[in-house]
Amino acid sequence: MRKEIIIVGAGVAGLCAALEIAKAGEHCLLVSTNQSERAQSNLAAGGINADFNNVTTHYEDTMKTGAYLANEESVKELTTHAPEMIHFLQDLGVPFQMDGTQLASRKMGGHSVSRTVFAGSITGKAIMSALIDEVRRYEAKGLIERLPHHCF
Ligand SMILES: Cc1cc2nc3c(=O)[nH]c(=O)nc-3n(C[C@H](O)[C@H](O)[C@H](O)COP(=O)(O)OP(=O)(O)OC[C@H]3O[C@@H](n4cnc5c(N)ncnc54)[C@H](O)[C@@H]3O)c2cc1C
């Protein structure tokens, strides 16, 4: 019997999960109430935090701004891998703002240094467009099946 992997939600998290599974050569179903283009992820405007110089202070700032309620392991994972996620998105064609040859960054939320990278004021939309394009490539290969307008 073939095992079936089902992902619920087709925003930035669901699309990234589907891509990881498809890249491993597995088939998955991507189930969502709305089409990806309608997910909240498209609305993110400010940018994404990623520290290319000091992941420790990124971790500390994130814990502090979350009033130390966030899961420590998850925040560690997120802050450690944020820079490689930005490179992954850049490789997919997300047009992050550049400052010469470096990524431009600004300060957002309660963070102590500038570490928010952004694509104008449409960061979420730019990321979602790139991820949807990539998911379509794997959809064409039969590895991802999208099921919008379905509720779990
Ligand atoms: C206005 C706004 C601005 C923001 N700005 C920023 C920012 O600058 N930087 C930042 O880092 N974050 C920002 N955020 C937060 C960020 O957008 C979210 O944290 C992120 O997009 C969440 O992604 P997600 O994939 O988990 O969820 P979503 O993008 O919300 O996707 C959820 C998916 O689940 C599906 N779904 C929900 N319920 C069901 C169900 N019962 N059955 C099946 N499918 C279901 C939905 O259809 C959707 O596809 C902002 C959010 C908003 C609203």
Would you work out what percent of the accessible area of the range 46-121, with all protein chains in place, is carbon or sulfur (probe 1.4 Å)? 51 percent
Provide the per-residue ³J(HN,Hα) series for the range 43-60, in order, calculated from phi with Karplus coefficients 6.51, -1.76, 1.60 and θ = phi - 60°, each as a whole number of Hz, with x at glycine and proline positions. 8, 4, 10, x, x, 10, 7, 7, 9, 8, 10, 8, 6, 5, 5, 4, 4, 5
Can you list residues whose amide H is under 5 Å from S114's amide H, if they're 5+ apart or on another chain and H is modeled 1.01 Å from N? none
If a/c stays under 1.5 just call it rounded; otherwise compare a/b with b/c (prolate if a/b is bigger, oblate if not). Do that for the range 1-40, with a ≥ b ≥ c from the square roots of the Cα gyration tensor eigenvalues. oblate
Amide proton proximity set for S105, modelled H, under 5 Å, gap of 5+: none
Per residue of the range 110-117, what does 6.51 cos²θ - 1.76 cosθ + 1.60 with θ = phi - 60° give for ³J(HN,Hα)? Whole Hz please, x for Gly and Pro, Karplus curve as stated. x, 7, 7, 9, 6, 9, 9, 8
Per residue of the chain, what 222 nm ellipticity follows from adding -39500 (n - 2.57) for every DSSP H run with n ≥ 4, rounded to the nearest 500? -13000 deg cm²/dmol
How much net charge surrounds S114 when only other residues with a Cβ under 13 Å from its Cβ are counted (Lys, Arg +1; Asp, Glu -1)? 0
Stokes-Einstein D for the range 1-105, Kirkwood Rh over Cα pairs, 10 °C, 1.306 mPa s (µm²/s): 99 µm²/s
In order through the range 135-152: 3J(HN,Hα) via Karplus (6.51 cos²θ - 1.76 cosθ + 1.60), integer Hz, x for Gly, Pro: 4, 4, 4, 6, 5, 5, 7, x, 8, 10, 10, 8, 10, x, 6, 10, 10, 9
Pairs of alpha-carbon atoms within less than 8 angstrom and 6+ residues apart define the contacts here; what relative contact order does the chain have, in percent? 37 percent
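Let's see if you can work this out: charge +1 on each Lys and Arg Cβ, -1 on each Asp and Glu Cβ, no other charges. What is the dipole magnitude of the chain about its Cα centre, in debye to the nearest 20? Don't jump to the answer; show the numbers that get you there.
Working: 14 positive and 17 negative charges, 68 e Å.
Dipole of the chain, to the nearest 20 debye: 320 debye.
For E134, E4, what's the largest-to-smallest order of accessible area, 1.4 Å probe?
Values: E134 30, E4 80 Å².
Highest to lowest solvent-accessible surface, that is E4, E134.
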Once amide H atoms are placed 1.01 Å from N in the peptide plane, what residues at a sequence separation of 5 or more from S32, or on another chain, have their amide H within under 5 Å of its amide H? G9, L147, H149, H150
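If packing is taken as the mean number of other Cβ atoms within 10 Å per residue, what is the order of 90-103, 73-86, highest first?
Numbers: 90-103: 12.4, 73-86: 15.0.
Result, highest mean Cβ count within 10 Å first: 73-86, 90-103.
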Which of A104, T56, I127, positive extreme of dipole for the chain (C-beta unit charges): I127
For the range 46-121: relative contact order, % (alpha-carbon pairs under 8 angstrom, 6 or more apart): 40 percent
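The values are calculated or read from the model by the stated rules, or taken from the named source; none is laboratory data. A quick note: this is a predicted structure, and the numbers were derived from the prediction, not measured. No Cβ is skipped: glycine too gets one built from the backbone with ideal geometry, and neighbour counts run over all protein chains shown. We work out accessible area using only protein heavy atoms, side chains counted, and drop any ligands, DNA or RNA first. Shrake-Rupley method; radii C 1.70, N 1.55, O 1.52, S 1.80 Å.
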